[in-house]
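Trainee: To start, I am sharing the structure in question, which I have written as structure tokens.
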Amino acid sequence: MEKQVTSIRPEAPSVWRKSAWRERIESLDPVADCHEIHRIMAGFEFPWDYQRSLEFALFKTYCVPSISELLDKTGEFEHRPQKRYDDTALLMAEMVEHGFDSPRGKDSLRVVNRMHGKYTISNDDMLYVLSTFVYEPLDWIDAYGWRRLTPHERAAAFHFYTGVGKRMGIKDIPEDFQEFHRFKLNYEREHFRYSESNHRIGVYTTDLFCSWFPAPLRPLVSIGVRGLLDDRMLTAFGFEPAPEAVRRAATRGLRLRSAAVRLLPPRRVSNAARDPHNRTYPGYPGSYRPSDLGSDSPPPSWGAPTPSAARIS
């Protein structure tokens, strides 16, 4: 029987030393308290890393032709990639911040299921996308985080996202951390291959990342993005590898950042589901509800002067 998952908010540690949140995590159960642990991880300990790693997690899913073909047909990536990115990021962040069984979490799940329900998507593709949400952030933090993750944190991420997956109606989710990881790796070996739709979605996504920076920096950002992609992803997208010097510089820069973060005091306010500078939903969360999000729901501020992503030709 599945254990009841709590969705309480973590109490702020009474002693503000760098290890305070980790000590809080170690006092919790990674199954029953998976939401609380994961909220601390993504909202307090590694908010920047989680945001970046989930961007690349979604990028990785576009290496599967059946996924990229569907996204290509919808036109979302070509015509309004920023809104699609913001919808996905905020809907998942709402569940991280409030829990998937909270009112806002349930609202977010309804929107996610409505968006997916319009299309025919195989269970295996859904299962693979879910697996990237579990393991890509763990791998990123292992490589670039300011500290190593604990077994409690790794287990909590697994139980949190498998809980999300069950509520999305995804079937045959492995019950074991290692088994799900093996599924992910095997799926990538079997399904990553080049297709034109992969390439188009890869270009749209890279252009979106570049649009967040001033125009003179965008060529460097594009090369930097390619410097963070592994060889199988580069092949699946049909991208030229970045020069080895760029790869080394990107890795070195991320590790220097982690060394600087290690010196900062612990975060006191969760950064999950909090994005006042959001390009599609300015001031988020403000008065927005999860039901305001979604590809077929223009935001309440529609028509307000908000920045948009510029397609780079």
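The values are calculated or read from the model by the stated rules, or taken from the named source; none is laboratory data. Keep in mind it's a predicted model, so treat the numbers as computed, not measured. When we count neighbours, we look across all protein chains shown, and the Cβ atoms used for this are built from the backbone with ideal geometry, even at glycine.
Trainee: Kindly indicate whether any position in segment 199-207 is basic (Lys, Arg) and either closer than 18 Å to Ala242 by Cβ or not in a helix (DSSP H, G or I) (or both).
Mentor: No.
Trainee: If you don't mind, another one. When the residues of segment 106-135 are narrowed to those that are small (Gly, Ala, Ser) and assigned to a helix (DSSP H, G or I), which ends up surrounded by the fewest Cβ atoms within 10 Å (Cβ to Cβ)?
Mentor: Of all residues in segment 106-135, those small (Gly, Ala, Ser) come to 108, 117, 122, 131.
If we keep only those that are assigned to a helix (DSSP H, G or I) as well, we get 108, 117, 131.
Numbers: Ser108: 28, Gly117: 10, Ser131: 26.
Looking at residues that are small (Gly, Ala, Ser) and assigned to a helix (DSSP H, G or I), I get Gly117.
Trainee: If a residue must be touching a residue at least 40 places away in the same chain (Cβ under 8 Å) and out of contact with any helix residue (DSSP H, G or I) (no Cβ under 6 Å at 6 or more places or on another chain), how many such residues does segment 49-58 contain?
Mentor: Of the residues in segment 49-58, the ones touching a residue at least 40 places away in the same chain (Cβ under 8 Å) are 49-50, 52-58.
Still in the list and also out of contact with any helix residue (DSSP H, G or I) (no Cβ under 6 Å at 6 or more places or on another chain): 52, 54-56, 58.
Residues that pass the stated criteria total 5.
Trainee: Checking the structure you have, find out if any residue of segment 116-125 is small (Gly, Ala, Ser), at pLDDT 95 or above and touching a helix residue (DSSP H, G or I) at 6+ places or on another chain (Cβ under 6 Å).
Mentor: Here is the first cut: in segment 116-125, the ones small (Gly, Ala, Ser) are 117, 122.
Remaining after also requiring at pLDDT 95 or above: 122.
Subsequent filtering for residues that are touching a helix residue (DSSP H, G or I) at 6+ places or on another chain (Cβ under 6 Å) retains none.
Checked against the condition, which is being small (Gly, Ala, Ser), at pLDDT 95 or above and touching a helix residue (DSSP H, G or I) at 6+ places or on another chain (Cβ under 6 Å), segment 116-125 yields no hits at all.
Trainee: Given the options Pro300, Pro276, name the one that is under 23 Å from the mean Cα position of the chain (by Cα) and modelled with pLDDT under 95. Quick ask: steps written out before the conclusion?
Mentor: Working: Pro300 fails: under 23 Å from the mean Cα position of the chain (by Cα).
Selected residue: Pro276, the only one of Pro300, Pro276 that is under 23 Å from the mean Cα position of the chain (by Cα) and modelled with pLDDT under 95.
Trainee: Starting from residues that are in contact with a Pro (Cβ under 7 Å, 6 or more places away or on another chain) and farther than 21 Å from Trp140 by Cβ, keep the ones in segment 24-47 and report whichever is surrounded by the fewest Cβ atoms within 10 Å (Cβ to Cβ).
Mentor: Checking each candidate, the answer is Arg24.
Trainee: Sticking with this one: Which members of segment 182-194 meet the condition of being closer than 10 Å to Tyr128 by Cα and in contact with a helix residue (DSSP H, G or I) (Cβ under 8 Å, 6 or more places away or on another chain)?
Mentor: Selection gives Phe183, Lys184, Tyr187, Glu188.
Trainee: What about Tyr161, is it modelled with pLDDT of 95 or more and in contact with a Phe, Trp or Tyr (Cβ under 9 Å, 6 or more places away or on another chain)?
Mentor: Working: modelled with pLDDT of 95 or more: yes; in contact with a Phe, Trp or Tyr (Cβ under 9 Å, 6 or more places away or on another chain): yes.
So Tyr161 passes the test.
Trainee: So, Arg200, is that one closer than 30 Å to Ile37 by Cβ, of a type in the set (D, E, K, R), at pLDDT 95 or above and over 19 Å from the mean Cα position of the chain (by Cα) or not? Break it down stepwise before answering.
Mentor: Numbers: closer than 30 Å to Ile37 by Cβ: no; of a type in the set (D, E, K, R): yes; at pLDDT 95 or above: yes; over 19 Å from the mean Cα position of the chain (by Cα): yes.
Spelling it out, it is not the case that Arg200 is closer than 30 Å to Ile37 by Cβ, of a type in the set (D, E, K, R), at pLDDT 95 or above and over 19 Å from the mean Cα position of the chain (by Cα).
Trainee: Exactly one condition in (1) under 19 Å from the mean Cα position of the chain (by Cα); (2) buried (at least 19 other Cβ atoms within 10 Å of the Cβ) is false for Leu185; which is it?
Mentor: Result: Leu185 passes all but (2).
Trainee: Can I ask one more? Please go through segment 208-238 and pick out each residue that is among the aromatic types (Phe, Trp, Tyr), outside any helix (DSSP H, G or I) and under 18 Å from the mean Cα position of the chain (by Cα). Reasoning before the result, please.
Mentor: So in segment 208-238, the residues among the aromatic types (Phe, Trp, Tyr) come out as 209, 212-213, 237.
Then keep just the ones that are outside any helix (DSSP H, G or I); that gives 212-213.
Within segment 208-238, just Trp212 meets the criteria.
Trainee: Does Met95 fit the bill of being buried (at least 21 other Cβ atoms within 10 Å of the Cβ) and touching a residue at least 24 places away in the same chain (Cβ under 8 Å)? Let's see the steps before the verdict.
Mentor: Working: buried (at least 21 other Cβ atoms within 10 Å of the Cβ): yes; touching a residue at least 24 places away in the same chain (Cβ under 8 Å): yes.
Criteria met by Met95.
Trainee: Since Tyr85 meets every condition but one in (1) assigned to a helix (DSSP H, G or I); (2) closer than 30 Å to Val261 by Cα; (3) of a type outside the set (S, T, N, Q); (4) at pLDDT 95 or above, which condition does it not meet?
Mentor: In the conditions (1) assigned to a helix (DSSP H, G or I); (2) closer than 30 Å to Val261 by Cα; (3) of a type outside the set (S, T, N, Q); (4) at pLDDT 95 or above, Tyr85 misses (4) alone.
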